[in-house]
Amino acid sequence: MEFPIRISNRIVKPKTKTYRQWWNSPIDPEDSLCGNCIATNGRFVKDFHNDISSILKKCGYQIDNEKKLKNEIVTIIYTLSNDSV
Amino acid sequence: MDHNEDKNYIDEVNKEGDEEEEEEEDTLVTYLKENFTLQDFLNFEETRFILEQQRRQKFDKDCSPLLEEFYISEVDYWNNSLCPLFINESNHVNLGCFIETIYSSIKPEYDLTIFYDDPILAKNMVETYETRVKEGEAKLRQDRINEIMKQENIMKKYDWKNKKYK
């Protein structure tokens, strides 16, 4: 990643799930229903990415490499999140 | 000549001077438009720097505030909930990283208007153009020669018995 993510001076829980497990697991095990579907981390990442795309479109910008942006966004979110509460 | 005539004469000379200057500037703009492409501006460090700087300023003015607002609201929302999303982010220290990631993934678009408004900014690019083109051609020729020299062994037969090229 070109711009390294910094994690502040706090104790970070080690990851207990694989990336794929994290992607498919609910954001919040207590409140995981969003309408009829489960609000998973993967779904959140997709929505987050869509929101960014809308902002860029609104400002008149086009994304050069969609796949690269998706990968980098998910890296940011995954690194800054724990996989359990 | 009385005072009024003096003033009129000076005004006339100034007007002519301004007109000449404007005409000269128009010629320069037409010259730039007809002879140089965006790639020519990007190939020269000084003009590329101006274009990149202008592109960044436009992004910072138009888009960064919206992205900042979005990132801060998302992080704050999830930090105030009991969910583990963005739990390792504090004081939005990664906001810069987030903005840079997005900036680096947008399609670069440049606006040459700055050079048409002030052609003097492209003076060095225009003056060095011929020399740079000649240097580029010479380098290309040299690279080709080097490549051929490197491939010299391909033309030779390999002597498997003595394990070397003949």
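The values are calculated or read from the model by the stated rules, or taken from the named source; none is laboratory data. Note that the structure is a prediction, hence the values are computed from the model and not measured. Heads up, the Cβs are rebuilt from the backbone with ideal geometry, glycines too, and the neighbour counts pull from every protein chain shown. Areas reflect the complete protein model, heavy atoms only, side chains present, ligands, DNA and RNA absent. Shrake-Rupley method; radii C 1.70, N 1.55, O 1.52, S 1.80 Å.
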request  = Output the residue which, of all residues in segment B:78-95 that are in a helix (DSSP H, G or I) and at pLDDT below 95, is nearest to the other protein chains (Cβ to nearest Cβ).
outcome  = B:78
key: Looking only at segment B:28-43, and only at residues there that are surrounded by 11 or more Cβ atoms within 10 Å (Cβ to Cβ) and of a type in the set (Ser, Thr, Tyr), the one that is farthest from residue B:127 (Cα to Cα)   = B:30
ask   = On the given criteria, is residue B:100 within 13 Å of chain A (Cβ to nearest Cβ) and under 30 Å from residue A:12 (Cβ atoms)?
value = yes
ask   = Conditions: (1) touching a residue at least 24 places away in the same chain (Cβ under 8 Å); (2) more than 8 Å from chain A (Cβ to nearest Cβ); (3) of a type outside the set (Gly, Ala, Ser); (4) farther than 30 Å from residue A:11 by Cβ. Residue B:26 meets all but one. Number of the miss?
value = (1)
request  = Could you please find all residues in segment A:55-76 being open to solvent by 70 Å² or more (accessible area, probe 1.4 Å) and in a helix (DSSP H, G or I)?
outcome  = A:57, A:58, A:66, A:67, A:70, A:71
task = Specify the residue that is modelled with the highest pLDDT; the eligible residues are those in segment B:8-46 that are within 22 Å of the chain's Cα centre (by Cα) and β-branched (Val, Ile, Thr).
result = B:37
query = Among the residues of segment B:59-68 satisfying the criterion of being surrounded by fewer than 16 Cβ atoms within 10 Å (Cβ to Cβ) and within 9 Å of chain A (Cβ to nearest Cβ), which is nearest to residue A:83 (Cα to Cα)?
reply = B:66
key: Qualifying residues in segment B:100-115 (those that are touching a residue at least 12 places away in the same chain (Cβ under 8 Å) and open to solvent by 10 Å² or more (accessible area, probe 1.4 Å)) - the one nearest to residue B:34 (Cα to Cα)   = B:112
